[in-house]
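Take a look at the structure set out below.
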Protein chains: 2
Amino acid sequence: MPSDKALKTPRATATNNTPAPKEFSLAVIKTACSNCNLRELCLPLGLADDEMERLDELISVRKRVRRGDSLYRAGQAFEYIYAIRSGFFKTDVLLEDGRDQVTGFQMAGELLGMDGISTEFHACNAVALEDSEVCHIPFFRLEKLSREIQTLQRHFHQVMSREIVRDHGVMVLLGKMCVEERIAAFLLNLSQRFTARGFSPAEFNLRMTREEIGSYLGLKLETVSRAFSRFQEEKLISVQQKYMHILDIDGLKQIMNRHNQSA
Amino acid sequence: MPSDKALKTPRATATNNTPAPKEFSLAVIKTACSNCNLRELCLPLGLADDEMERLDELISVRKRVRRGDSLYRAGQAFEYIYAIRSGFFKTDVLLEDGRDQVTGFQMAGELLGMDGISTEFHACNAVALEDSEVCHIPFFRLEKLSREIQTLQRHFHQVMSREIVRDHGVMVLLGKMCVEERIAAFLLNLSQRFTARGFSPAEFNLRMTREEIGSYLGLKLETVSRAFSRFQEEKLISVQQKYMHILDIDGLKQIMNRHNQSA
DNA sequence: CCTGTCATTTGACCTGTGTCAACCTTTACA
DNA sequence: TGTAAAGGTTGACACAGGTCAAATGACAGG
């Protein structure tokens with residue numbers, strides 16, 4: 001099991017912008033999809049070796065994005081789909097009046113930027129929540145390649161579709177769930193995604209603030225904080241600052257099912 | 001301007017399941033994308049004549065869906081993308097405990113079923129809210145064709161991307177807007193989509209119940225009803241049952257901007 | 001090591017929306 | 001045509017989550 005940068009002791013991880021260790025940054029320069037350890041999560045999924053090489057050729061640019069910096073901004077011309085090699089992002093949309101809403105949190109192996117395809121301008125902001133590394137995939141060349149490689153085409157369609165299904169899940173969360181259900185769903189989702197990446201299902205660092213969690217879940221930061229405190233009292237989690245330890249995964253799952261009883 | 005079936009007098013439209021007039025049903029049998037009057041809204045957008053013919057060949061099936069019937073259900077194997085030729089649909093997802101959430105309302109020229117691509121099983125239900133007609137597009141043949149016709153590929157990607165952007169808009173609505181903003185946004189969205197189809201921006205029939213509107217907007221049906229009543233008092237709309245007349249479009253738009261003042 | 005800023009927690013109180021109930025209107029169907 | 005069921009409106013009231021405020025803790029930068 002690889003060691004999660006998110007998984008140091010609470011004190012050590014309280015700061016999230018520790019620079020990546022040297023051997024990692026070296027690896028990045030040389031790494032192609034073909035030997036990227038995210039290839040089973042990311043765009044190359046299911047590609048044959050020679051197909052993967054052709055995908056490699058597209059990805060001319062791999063860039064660092066520092067914590068707090070934007071990968072792209074709403075309104076900016078759309079050119080690339082981005083694959084996260086390492087790090088953590090949020091996407092958000094801004095209303096004219098200053099209100100904004102976080103529409104998602106993205107981690108390694110996930111794609112960013114698909115919001116830009118429809119108008120050829122990005123519709124949201126993508127901001128790094130920790131120092132990150134990102135592969136830039138020129139979209140129009142990706143389209144061309146996916147006309148030639150059926151597996152790639154299929155996989156890309158599945159990724160977009162999965163995003164649609166995920167968004168519907170968030171709508172249910174925002175439209176129908178109470179505070180505790182939202183928080184439980186949020187934690188279980190993070191846990192499941194960390195697990196898929198070989199990290200601990202129970203311990204991780206939240207890369208986002210309470211306010212960003214609240215924005216995503218349609219809650220105020222105080223409400224998020226209170227829910228965490230309540231969960232802690234009930235021994236469901238142990239949390240201090242950004243360090244999150246889920247003590248009772250089943251307990252969290254039960255929270256999602258409590259409404260059964262009243263139905 | 002074509003006459004909207006939605007746009008009869010209130011009394012006449014109160015019933016929504018009037019069978020389509022004969023000349024229409026005849027047309028349906030013969031109609032191909034190439035002479036469908038929705039081709040500028042639907043999948044064929046931008047295709048050359050010969051390309052459109054090839055798309056026509058895919059669409060072997062055009063079916064009626066009666067009001068209340070499902071086009072597909074969650075869990076069902078995914079095979080087709082559906083293009084709405086006429087009528088009106090809702091999509092919804094059901095939680096195990098019986099709570100459900102409407103994730104969208106779809107009208108003529110829009111595509112349904114893209115939620116099924118990711119797992120090859122549908123993730124939501126699509127239900128006709130009035131008698132409708134739908135083109136069945138075998139997805140795997142559509143993929144093949146879009147490998148051959150770049151314009152089709154691009155357009156399909158744009159449609160999926162637009163769905164993602166739309167969903168993000170709904171998240172903002174659910175996460176950040178108050179009742180009046182949600183209702184105003186909902187009405188303006190319908191108005192704009194009817195306009196794009198050549199119908200009146202100001203008068204139309206709501207095909208959905210207050211409960212369905214509420215479900216979509218994360219509100220209870222009583223709250224929707226009260227908001228309509230308040231808007232009516234303020235002379236923003238005139239509504240009786242399903243008949244909706246927007247009296248003051250700018251007034252509705254201002255509701256969306258009221259938060260500017262407090263920011 | 002000190003200091004200002006930002007993030008978080010907690011309490012007290014308020015308000016918008018949900019809940020429950022009654023009643024009315026329209027529609028579906030026998 | 002009558003009747004039951006479904007959809008819609010309105011009022012009274014409750015409560016979940018928001019607002020405001022104060023205090024504390026963490027961390028960056030000098």
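Computed from the coordinates by the stated procedures, all read-outs in this text should not be read as laboratory data. Since this is a predicted model, take the numbers as computed values, not measurements. Quick reminder, even Gly has a Cβ in these numbers, built from the backbone with ideal geometry, and neighbours come from all protein chains shown.
What is the gain in length, in nm to one decimal, between A:Thr195 and A:Lys235 on full extension, counting 0.36 nm per residue of separation less the C-alpha to C-alpha distance?
Computed gain between A:Thr195 and A:Lys235 is 12.3 nm.
Over the Cα atoms of the range A:177-262, Rg to Rh with Kirkwood Rh, two decimal places?
Across the range A:177-262, the Cα-based Rg/Rh ratio is 0.94.
I need to check one value: relative contact order of the range A:177-262, counting alpha carbon pairs closer than 8 Å and at least 6 residues apart, in percent.
About 33 percent, as a whole number.
Can you list the aspartates and glutamates whose alpha carbon is less than 19 Å from that of A:Lys63, not counting same-chain residues fewer than 8 positions off?
A:Glu23, A:Glu79, A:Glu110, A:Glu130, A:Asp131, A:Glu133
When N counts the residues of the protein assembly as shown, how does its alpha-carbon radius of gyration compare numerically with 2.2 N^0.38 Å, as a ratio? If you can, show how the numbers build up before the last one.
Numbers: Rg = 24.0 Å, N = 526, 2.2 N^0.38 = 23.8 Å.
Compared with the compact-globule rule of thumb, the protein assembly as shown sits at 1.01.
Just to verify a number: FRET efficiency for A:Asn257 and A:Lys220, C-beta to C-beta distance, R0 = 41 Å, to 0.05?
0.95
Along Cα-to-Cβ, 7 Å out, sits the label point; list in nm, shortest first, how far the one on A:Gln158 is from those in the other copies.
Spelled out, the distances from A:Gln158's label point are 2.8 nm.
Which whole-percent values make up P(r) of the range B:31-160 when all C-alpha to C-alpha distances are grouped in 10 Å steps starting at zero?
Bins of 10 Å from zero give 13, 45, 33, 8, 1 percent of pairs.
Quick one: with label points 7 Å out along Cα→Cβ, list the inter-copy distances for B:Glu222 in nm, shortest first?
2.7
With the label 7 angstrom out along Cα to Cβ, how close does A:Glu53 come to the same site in each of the other copies, in nm, nearest first?
4.0
Calculate, axis by axis, the spread of Cα positions in chain B along the three principal axes, and write the results as whole Å, longest axis first.
Computed over the Cα atoms, the extents are 53, 40, 36 Å.
In terms of modelled amide H atoms, which long-range or inter-chain residues lie less than 5 Å from the amide H of B:Ala123?
Under 5 Å from the amide H of B:Ala123 lie the amide H atoms of B:Gly75, B:Gly116, each far enough along the sequence or on another chain.
Roughly how compact is the range A:130-224, stated as its Cα Rg over 2.2 N^0.38 Å to two decimals? Don't skip to the end; give the middle numbers.
On the way: Rg = 17.0 Å, N = 95, 2.2 N^0.38 = 12.4 Å.
Relative to the rule-of-thumb radius for its length, the range A:130-224 sits at 1.37.
Give me a single rounded figure for A:87-95: the average over its residues of other chain Cβ atoms within 10 Å of their Cβ.
The mean count of partner-chain Cβ atoms within 10 Å per residue comes to 2.
With point charges of +1 on the Cβ of Lys and Arg and -1 on the Cβ of Asp and Glu, referenced to the Cα centre of chain A, which listed residue (A:Leu217, A:His122, A:Gly169) lies farthest in the positive direction of the dipole?
A:Leu217
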